[in-house]
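Undergrad: Quick one: the structure is below, questions incoming.
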Amino acid sequence: MTLTLLTVYCLLVVAASLAGGMIPMAVVLTHRRMQVSLSFVAGLMLGVSILHLLPHAVLETGSLDVASLWTLAGVLVMFFLQRFLHFHHHDAPADAHCDHPSHQTPATEQSRRDQMHQQLHDLKHPQHRHQLSWLAAAVGLGLHTLVDGVALAASVEAEAAHDHGGFALAGLATFLVVLLHKPFDALTVTLLMSESPRTRPYRHLANVVIALLVPVGVLMIYGGLISAGDQRNVVLGCTLAFAAGNFLCIAMSDLLPEIQFHEHDRVMLSIALLVGVGLAALIGTLEGANHGRSHSHEPPGAHEHEEHADHEHDGHQHDDHEHELESQEPDGHDHEGHTH
């Protein structure tokens, strides 16, 4: 069941990635549409990282400290990947229709000057810059996609191992995050490669290769869990914590620029964010995810042994009480005979 579910998940994610690469040819992209969509997906990602992945990680590892360290590692790794590879920038194409009024602030004015400086540099080395841009983005997105596959498999494995008594499929929340965010990643590669001499089939091929890293990540986590042996739960928990850190960093990198640069559509963007977080919480409710009681790693017979021990203990106390009564009866009999 788990393998079948993961296979379906992977096929849908690959299809979503390919569809994302075709978005510029089928849909008129605008800044507002992109930002509202990103706010929703980032809210979902934020909710899943904190409400789903992190609690599972703590319970699998059995240690809040271990889960926290791996979450921090996930945040830092993704942060430095974005800093040095510059692969995570989602926006409408430069010639897309701007559907909001212009707001000139010191921050946006400085951003405009920085952009003009970069454009002057690009005029001197256009082909070199575009080649480095899409190559760096492809490498960064490839690593990011690999982590998505690992997170998806770990989430499905962790939730399938416990009967929540809920209605949602195992790993559904993580799957939705990967499914909905992957088109934006594919769009990044397509737009960057469109500025290079690469042809359209080559762009689609690049998207296919990157998308196929999701099932590669799935296979990696299963190989790791098999080789982990007795430490399987710890490895699974650390993987979930690392994925939670990755998701948290990506979500905040999509959300934080809104505060500085997007003075327009504040209410709409905020609502989209809250809807995404609310969806993550709703899925948790459908899963029946009571993390305090439904995830216990006690040995199968531990509860029965405890009940048996309590029963023996109660029986022992009962025997002692009867023994005390028997020892007191002769004294009572002698006392009565003595009075007569």
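No value in this document is a laboratory result; all are computed from the given coordinates. Quantities reported herein were computed from a predicted structural model and do not represent experimental measurements. Heads up, the Cβs are rebuilt from the backbone with ideal geometry, glycines too, and the neighbour counts pull from every protein chain shown.
Undergrad: Taking 0.36 nm per intervening residue step and subtracting the Cα-Cα distance, what contour gain separates Leu219 from Ala73 on full extension?
TA: 50.4 nm
Undergrad: Let me ask something else. Which cross-chain or sequence-distant (5 or more) residues have an amide H under 5 Å from the amide H of Glu287, H modelled 1.01 Å from N in plane?
TA: Close amide H contacts, sequence-distant or interchain: Phe167, Ala168.
Undergrad: Another question about this same structure. When ranked by the protection proxy of mean other Cβ atoms within 10 Å per residue, highest first, what sequence do the peptides 11-19, 52-60, 148-156 form?
TA: Peptide ranking by packing, descending: 148-156, 52-60, 11-19.
Undergrad: To continue, here is another question. Pull out the extension gain between Leu286 and Thr4, defined as 0.36 nm times the separation in residues minus the alpha carbon to alpha carbon distance; nm, one decimal.
TA: Stretched fully, the Leu286-Thr4 segment lengthens by 99.4 nm.
Undergrad: What FRET efficiency do you get for Ala15 and Ser63 if R0 is 35 Å and r is their Cβ-Cβ distance, rounded to the nearest 0.05? Intermediate values should be presented prior to the final figure.
TA: On the way: r = 38 Å, r/R0 = 1.09.
Here the calculated transfer efficiency is 0.35.
Undergrad: Work out how much length Tyr202 to Arg83 would gain on full extension: take 0.36 nm times their residue separation and subtract the Cα-Cα distance, in nm to one decimal.
TA: Contour length minus the Cα-Cα distance gives 40.2 nm.
Undergrad: Run the simple label-point estimate for Ile259 and Ala160 please: 7 Å along Cα→C-beta, distance reported in nm.
TA: 3.9
Undergrad: 7 Å from Cα along Cα→Cβ at both Ser227 and Leu212: what's the point-to-point distance in nm?
TA: It works out to 2.2 nm between the two label points.
Undergrad: Starting at the first residue of segment 37-42, write each ³J(HN,Hα) from the Karplus equation 6.51 cos²θ - 1.76 cosθ + 1.60 with θ = phi - 60°, in whole Hz, x for Gly and Pro.
TA: 4, 5, 4, 5, 5, 5
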